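Worksheet: the structure to be examined is printed underneath.
The values are calculated or read from the model by the stated rules, or taken from the named source; none is laboratory data. Here the structure is a predicted model, which is why all the values come from computation and not from measurement. Here Cβ is always computed from backbone atoms with ideal geometry, including for glycine, and neighbour counts include all displayed protein chains. Ligands, DNA and RNA are stripped out before the accessible areas are found, and what is left, the full protein with its side chains, is counted by its heavy atoms. Shrake-Rupley method; radii C 1.70, N 1.55, O 1.52, S 1.80 Å.
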Amino acid sequence: MTPGNEWMAMAEQVLIGARLRVARLSKGLTLGTVASVTGLTQGYLSKLERDQVSPSVASLVAVCAAVGLRVGDLFEPPPSAIVRAGQGTLINFGAHDAREYVITPGDQTMIEVIHSFVEPTGSGGSTQYALDCDIEFIFVVSGALDLILGDEVFSLGAGDAMTMRGREPHTWRNPSTDAGCEVLWMLAPAP
């Protein structure tokens, strides 16, 4: 097992479909309305609400905006303010070949910290996305990460950190074909 896999295997994946459906229905929105706002199909949204598809980050952000949810609202808070190794909440933002965990309590609105383990060539997807926060801080714990911000690519290695404005369209990738990377993402305020 590679470093981090034991920790990843211990967290339970959170199902988000029911929360999206409740939010949509509480706003009186039909699947058709959400589909027209987000550009996604009704069939895809129906599968998303039944946890039968894994959304891309861009799709998840768009659906949350359409139904009036913060992305962080989709995930259960950890059982206490202390989140010990292996107790983070597994999330699925639609990244490819990555496991991501929220390691801040779900009721924390000032900051959200995500701990990511990215396999070789894993990525946030080809579509750039923006999160609803003022500041995004990225710290590479191990390995390498390319952060794509608009037309620029910023190559970060172990120990490197980058701060950027929130709401900036971006994506990311592990440029390595043989080594994983571990990354901490801090978002303030929590999206």
What does the net charge come to around residue 147 if you take all other residues with beta carbon closer than 14 Å to its beta carbon, with K and R at +1 and D and E at -1?
-4
Would you mind working out the accessible area per residue for the range 134-191, using a 1.4 Å probe, and quoting it in Å²?
46 Å²
The ³J(HN,Hα) series, computed from each phi in the range 44-54 with the Karplus coefficients 6.51, -1.76 and 1.60 at θ = phi - 60°, rounded to the nearest Hz and given as x for glycine or proline, is 5, 4, 4, 5, 4, 5, 9, 6, 9, 9, 10
As a test of the formula, what do you get for the chain when each DSSP H run with n ≥ 4 contributes -39,500 (n - 2.57) and the sum is divided by the residue count, at 222 nm and rounded to the nearest 500 deg cm²/dmol?
-6000 deg cm²/dmol
Formal net charge of residues neighbouring residue 92 (Cβ-Cβ distance under 11 Å; K, R +1; D, E -1):
-1
In terms of modelled amide H atoms, which long-range or inter-chain residues lie less than 5 Å from the amide H of residue 168?
131
Take 50, 19, 24 and sort them by solvent-accessible surface of the protein heavy atoms, 1.4 Å probe, largest at the top.
50, 19, 24
Using the Kirkwood radius over C-alpha pairs as Rh, can you work out the diffusion coefficient of the chain via Stokes-Einstein at 37 °C, viscosity 0.692 mPa s, in µm² per second?
193 µm²/s
Keeping the other protein chains in place, figure out the carbon and sulfur percent of the accessible area of the chain, with a 1.4 Å probe.
54 percent
Could you state the number of Å between the C-alpha centres of the range 138-170 and the range 47-121?
19 Å
Expressed as an acute angle from 0 to 90° and rounded to the nearest 10, what is the orientation of the C-alpha long axis of helix 17-26 relative to the principal long axis of the chain?
40 degrees
